[in-house]
Every structure is written in structure tokens, then in C-alpha cells.
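Every read-out reported here was derived from the displayed coordinates using simple, explicitly stated rules and does not represent laboratory data. Not measured: the values here are computed from a predicted model. Here the Cβ positions follow ideal geometry from the backbone for every residue, glycine too, while neighbour counts run over all protein chains shown.
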Number of protein chains: 2
Amino acid sequence: MSEFDFIFNHFAKLGKNQQNFLNDGCEIPVPENQKLVVSKDMLISDVHFFRNDPPNSIAQKSLRKNLSDLAAMGTKPYGYFLAISLPQNTNENFISQFCDGLQTVQNQYKIDLLGGDTNSNKNNMIIVSITIFGFTNKNNHLMPRNNAKIGDRIYISGEIGNGYIGYLIHQNKLSMKNNAAKKNFLSHFLYGNCRNDLGEEIADKADSCIDISDGLLQDLMHICKNSNVSGKIYSEKIPLHPEIKSLINTGEINFLDLFKWGDDYELLFCGDDEKLKNIGNIFEIGEIIESPENKSQIYLDEEKVKNCKGFEHL
Amino acid sequence: MSEFDFIFNHFAKLGKNQQNFLNDGCEIPVPENQKLVVSKDMLISDVHFFRNDPPNSIAQKSLRKNLSDLAAMGTKPYGYFLAISLPQNTNENFISQFCDGLQTVQNQYKIDLLGGDTNSNKNNMIIVSITIFGFTNKNNHLMPRNNAKIGDRIYISGEIGNGYIGYLIHQNKLSMKNNAAKKNFLSHFLYGNCRNDLGEEIADKADSCIDISDGLLQDLMHICKNSNVSGKIYSEKIPLHPEIKSLINTGEINFLDLFKWGDDYELLFCGDDEKLKNIGNIFEIGEIIESPENKSQIYLDEEKVKNCKGFEHL
């Protein structure tokens with residue numbers, strides 16, 4: 001598998017400007033009155049996805065994870081660089097399906113592949129490193145993690161735990177009779193999720209935002225620690241899929257586990273109620289409060305959460 | 001090794017703006033009358049460096065390889081994103097030495113770490129993915145690979161083969177009595193090389209440029225193929241270290257191997273003699289000619305090179 005055939009046969013189709021693939025890099029033209037925002041995430045097999053997951057899903061999940069980072073900064077995606085390392089002797093079918101997955105997400109978000117790098121490894125690993133570029137209004141502040149304010153309401157953009165349940169089903173650790181729900185959870189785990197439209201909508205309204213990639217509790221803690229505040233949330237206010245509610249009721253899963261697993265990729269943000277009240281389809285789950293003894297804490301249903309640690313690897 | 005302690009203890013020291021490390025990404029402000037140029041290269045153990053090479057050298061080589069891509073586009077480096085995957089249980093000493101290596105190159109080129117991502121893998125691999133950013137004059141054309149013109153002279157910026165000889169010494173495939181030369185070759189192989197000052201100097205003068213990362217012949221072929229021309233070069237004009245000349249004379253190495261191995265990271269460029277004649281310390285090694293039968297060829301000492309294939313992995 002030579003680096004060059006590889007690039008030209010498949011990846012070059014994913015870029016508008018073929019010239020970019022001939023050179024080692026390219027220009028990124030920044031529109032007037034916009035600023036360029038960059039983020040970079042590497043996904044590797046057996047940490048972020050399984051080695052034998054469909055190539056199409058690995059590609060989609062990788063790209064959505066990066067898009068989600070831009071969403072959390074209220075930034076409209078423009079394009080991305082991809083560096084990929086594949087096991088020696090990876091067949092062309094894999095590459096073709098992987099590129100199909102990228103194309104699906106590209107079409108959805110109107111973004112292009114801008115360039116990149118490929119190699120093969122002897123360790124049977126799949127390594128996907130993406131650097132994603134987006135633009136946002138020059139005046140926007142990127143909703144930084146250290147900007148939560150006491151009195152801010154805490155919101156999330158959608159259901160928590162769907163990726164976790166998808167993982168359990170995928171690993172045969174949980175069975176589910178409802179086929180539509182099962183498919184939905186599996187798809188969430190395999191193909192990822194990102195909330196870029198909402199991210200852009202709240203860009204000039206929210207104080208602080210993060211995408212939930214490590215778990216609701218840990219990601220809320222990131223905001224709280226960096227802003228030197230604490231957070232108070234209520235489990236009953238956190239939107240859950242009806243099937244997940246049943247699983248909690250029957251004791252098949254522990255609701256706290258839902259908040260400690262990654263793969264949600266919903267937005268968690270806080271800000272002034274007045275500014276955010278007209279945003280549709282978001283869920284107010286709590287508020288930012290002063291830290292007792294100057295140490296950031298998360299309170300869930302009025303109880304201090306002892307350990308907010310979230311997702312580390314599969 | 002948690003992702004977060006890891007970032008904060010070591011990598012955050014490498015960035016001017018600590019805020020960048022709290023969030024998932026950052027803004028890259030583009031100066032007026034400049035354009036932003038981006039390149040991305042991933043280096044992995046046992047392809048681009050050896051698993052047991054000093055962490056400091058792995059870091060330096062990785063960053064220089066990326067700097068070299070900017071050099072070939074005549075672009076002044078500004079900063080970089082780093083995504084790194086390390087074997088589980090990598091000790092802090094490794095990380096500390098790795099960061100020292102990055103700092104050394106940062107100081108040399110006045111660049112900063114802007115952000116990134118870390119994880120650990122179970123395959124004992126070291127994976128370094130860098131996305132590098134630079135600025136160049138709005139009017140510069142990035143010396144693209146498809147812009148070589150018939151009649152252009154072909155130049156290189158320095159000695160060829162030093163990385164290859166360093167590799168042979170490193171692998172005990174070659175012994176060398178001259179200690180200073182030995183050290184020089186080993187250092188070239190382990191710590192990398194990049195020619196950014198020269199890249200910037202020729203940015204508005206050369207037609208086409210590439211950094212020699214796959215081997216002189218293959219990289220010249222990249223330019224020729226993309227420009228639909230052929231190249232004619234002379235081995236006697238290619239600058240070689242005196243020790244390498246001796247090795248060729250004694251038959252210990254084949255001079256063609258020097259031109260088929262990567263790790264040179266000198267610039268190979270072509271352009272109008274009139275525009276380039278006042279650039280110091282460059283070597284004219286041949287010229288761009290019309291392609292016979294419309295198929296790009298490289299002629300070395302008037303003979304057609306049958307196979308230009310260069311470096312693929314260690």
C-alpha cells in the first residue's frame with residue numbers, strides 16, 4: 001500500500017481542490033469579519049472505537065467527534081485535514097468504505113477534506129487524526145470553559161446515555177427487544193453525534209460550553225474547575241430515552257453510569273436564562289453556584305458527587 | 001496516565017496561551033496581508049523513527065518534519081497542534097524529555113504549541129500527529145509541485161544522504177571511524193532537519209519546491225509528474241559529505257541508494273536561473289526538460305532512471 005496511490009485513488013475525491021493533495025499543505029482563506037478556529041482530535045482503535053467496527057462508522061464517528069469540538073466553540077465547520085495510519089495490507093475495500101463514511105458527513109456539514117497524510121503500521125492499529133477548521137464571527141468569544149458565572153443556568157442539548165447503551169448492546173452486555181431503539185443506540189455509539197447547528201445558534205448567547213465526550217459529570221466539572229465555580233444539577237431534569245428510563249426502573253443499569261460514560265456528544269452549556277430562553281429544544285438541568293470552600297463541586301440531586309471521573313477508553 | 005494531568009503538567013508549558021489548553025481548540029489570528037498555510041504529518045514508531053530512540057529526538061524529528069513541509073511552501077512557521085498516543089504506562093520521564101525536545105525546536109523557530117490531544121494505546125506504539133501553521137505574504141504562490149517550467153534549473157539546498165548514513169550507523173549496518181562525522185550523520189537521522197530560512201528566501205523566486213522526505217529521485221519525480229515535465233540531474237553536481245564520497249569510492253555504499261532514501265529534508269526546487277542566482281549556498285544540479293512521449297522521466301547522468309521509488313518505512 002503506497003502512500004501515493006492511496007491518496008490519489010480515494011482521498012483526493014473528498015477534496016474540492018485537487019491541487020491541495022499534490023502539495024504538502026494548503027492555504028486556508030479566512031473570510032472577512034470571521035475568525036478561524038482550529039481543533040484537533042486523534043481517535044485510535046480499541047480506545048475510541050473497536051478494531052472491527054465498520055470502516056464507514058469509524059470514519060463518521062471520527063469526523064463527528066471533531067465537528068463536535070467546533071460545535072462547542074460555536075464555530076461553523078469549513079474543512080479538515082486527515083492523517084491516517086492503517087494496518088499493513090489493509091484492503092482497498094476498507095479504504096473505499098472509510099471514504100464513503102467521510103463523504104456522508106462532508107455532505108451533511110458541507111465541508112471538504114483539505115489535505116493530510118497516510119501511512120501503514122505493523123501493529124494492526126487504526127489511527128485517525130483529524131484537524132478541523134471552522135469560522136465564526138470576529139466578535140464571538142468561543143464560549144470558553146473558564147467563563148461560567150454564578151447564577152448561570154446549565155443546559156444540555158439532548159438525551160444522555162444513548163452512546164453508552166449503544167456500547168453495551170454492541171458488546172452483548174445488554175439485550176433489547178425494541179428494535180428501533182436498539183438501532184438508534186447502536187448508531188449513536190458507532191456513527192457518533194454532533195450538534196453544530198445548535199452550537200452556532202448559542203455562540204453569542206452562552207457564557208461557556210463543552211461537548212460531552214467524557215461524560216456529563218466530568219465535562220461539567222471541566223467547566224466548573226476552570227471557571228472556579230460549582231454546579232448543581234437534577235437527574236430528573238436530564239432528558240433520557242424512554243427505553244433507558246425502563247432500564248433504570250428495572251435495575252438493569254445504574255443511572256449514574258450514564259453520566260460517567262462518553263460518546264454523548266451533546267452540548268453542555270451555561271448562561272443567562274434571559275439570553276437563552278428562546279432557543280428551542282434545549283433542557284435546563286441546573287445552575288452554576290458559588291464553590292463552597294473555594295473548591296469546585298458537582299451536586300447531583302443536592303448530593304455532592306464524590307467522583308466525577310468519566311470515560312477513558314473502551 | 002490520565003489525559004488531563006498529562007496535558008497540564010507538561011504540554012501546557014509549551015504554549016504561550018494557557019487558555020488554549022483548557023478548551024478543545026483555539027483561534028488562529030491571521031496577520032493582515034498574510035495568508036495562513038497549513039500542513040499535517042503523522043509520524044509513527046518503526047516507520048519514521050525507532051521505538052527506542054530518545055524521546056527528545058523523536059519530538060525534534062517530528063516537529064522538524066512538519067516544519068520542513070512549511071519550508072517547501074516558503075511559509076514562516078507560527079505554531080502547531082499536537083496529537084500524541086503513547087504506550088500505556090509511559091513514564092513521566094519520557095514525557096518530560098519529549099517536551100524538552102519540542103521546546104528546543106520551538107525556541108529555534110519561535111513557534112508555540114497551540115493545542116492538541118493525547119491518549120494511550122495498548123500496542124506499544126508512539127504516534128505523533130502534528131498540524132503546523134505558518135504565514136506567508138498574500139502574494140506568494142506556495143511554490144506548488146505542478147509549477148515547474150521547461151528550462152528551469154533544478155537546485156538543492158544541501159548534502160544528500162546524511163540521514164541515510166545516519167540510519168545505517170544507528171542500525172549497526174555501517175561503521176565509521178571519524179567520530180565527528182559519525183555524530184553528524186546520527187544526529188541528522190535522529191533529530192531531523194529543516195530549511196525554513198531558505199524556504200522563506202526563495203518563496204517569491206522559485207517556481208516549484210518540495211522537501212526531500214522520500215528521496216531525491218522520488219521527490220523530483222513528484223514535481224515532474226505534477227508539472228508534466230521531466231528532469232535531468234548530474235550526480236557529480238549533488239553535494240555529498242566527504243565521508244560519503246569515501247564510502248562510495250570504497251564501494252561500501254551505492255550512490256543510487258543515497259537518492260532513494262528519505263530523511264534528507266533539504267529543499268529541492270526549480271526556477272529561473274536569473275531569479276535564483278543570488279541565493280547563497282544552494283546547488284544547481286540539473287534542469288527541467290520537456291517530457292519525451294509526454295511521460296515524465298528522471299535522467300541521472302544522461303541515463304533514464306528506471307525506478308524512482310523512495311523511502312517507505314524503516
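About the centre of its Cα atoms, the range B:58-153 shows a dipole size close to 480 debye [charges on the beta carbon of Lys, Arg (+1) and Asp, Glu (-1) only; nearest 20 debye].
Convex hull volume of the C-alpha atoms in the range B:153-304, normalised per residue: 109 Å³. Shape summary of the protein assembly as shown, radius of gyration then Dmax from alpha carbon positions: 26.0, 83 Å. Against the compact-protein benchmark of 2.2 N^0.38 Å, the Cα-based radius of gyration of the range B:158-241 scales to 1.28. Across chain B, Cα-Cα pairs more than 24 Å apart make up 55 percent of the total. Counts of other chain beta carbons within 10 angstrom of each beta carbon in peptide B:126-139 average 4. Packing, as the average of other Cβ atoms within 10 Å across residues, places the peptides B:222-230, A:84-92 in the order B:222-230, A:84-92, highest first.
Rounded to the nearest 500, the 222 nm mean residue ellipticity of chain A from helices alone is -9500 deg cm²/dmol, with -39,500 (n - 2.57) taken per DSSP H run of at least 4 residues. Here is the link list: A:Lys122/B:Lys182; B:Lys149/B:Lys232; A:Lys110/B:Lys138; A:Lys61/B:Lys65; A:Lys260/A:Lys306. Which ones come out longer than 21 Å on Cα distance? Violating the 21 Å Cα-Cα cut-off are A:Lys122/B:Lys182; A:Lys110/B:Lys138; A:Lys61/B:Lys65. Expressed as a whole percent, the proportion of Cα-Cα pairs in the range B:172-215 lying more than 14 Å apart is 64%.
The per residue volume of the convex hull around the alpha-carbon atoms of the range B:78-214 is 174 Å³. By the rule of a C-alpha distance below 17 Å, with chain neighbours fewer than 8 residues away ignored, the aspartates and glutamates paired with B:Lys183 are B:Asp53, B:Glu159, B:Glu243, B:Asp263, B:Asp264. Projected onto its three principal axes, the C-alpha set of the range A:94-168 covers 52, 39, 26 Å, listed from the longest axis down. When you work out D = kT/(6 pi eta Rh) for the range B:1-104 at 25 °C and 0.890 mPa s, using the Kirkwood radius from C-alpha pairs as Rh and the Stokes-Einstein form, the result is 161 µm²/s. Annotation for A:Lys13 and A:Asn184: the two label points, set 7 Å from Cα along the Cα-Cβ direction, are 3.3 nm apart. Reducing the range B:250-268 and the range A:149-196 to their Cα centroids gives an inter-centroid distance of 54 Å. Candidate cross-link partners of A:Lys13 among the aspartates and glutamates, defined by an alpha-carbon separation under 14 Å and a same-chain spacing of 8 or more, comprise A:Asp5, A:Asp100, A:Asp112. Summary for A:Asp204: label point 7 Å along Cα→Cβ; distances to the equivalent points in the other copies, ascending, 3.8 nm. Looking at the calculated P(r) for the range A:117-156, what percent of the C-alpha pair distances fall above 13 Å? Considering the range A:117-156, 76 percent of its Cα-Cα pairs are separated by more than 13 Å. The charge dipole of the range A:153-304, taken about its Cα centre with unit charges on the Cβ atoms of Lys, Arg (+1), Asp and Glu (-1) only, comes to about 580 debye.
Placing a label point 7 Å from the Cα of A:Phe283 along the Cα-to-Cβ direction, the residues of the range A:292-314 whose backbone N falls under 18 Å of that point are A:299-302. Using θ = phi - 60° in the Karplus curve 6.51 cos²θ - 1.76 cosθ + 1.60, the 3J(HN,Hα) couplings for the range A:18-30 round to 4, 4, 4, 7, 7, 9, 7, x, 7, 7, 10, x, 9 Hz; x is entered for Gly and Pro. Neighbouring Cβ atoms from other chains, within 10 Å of the Cβ of residues in B:41-49, number 5 on average.
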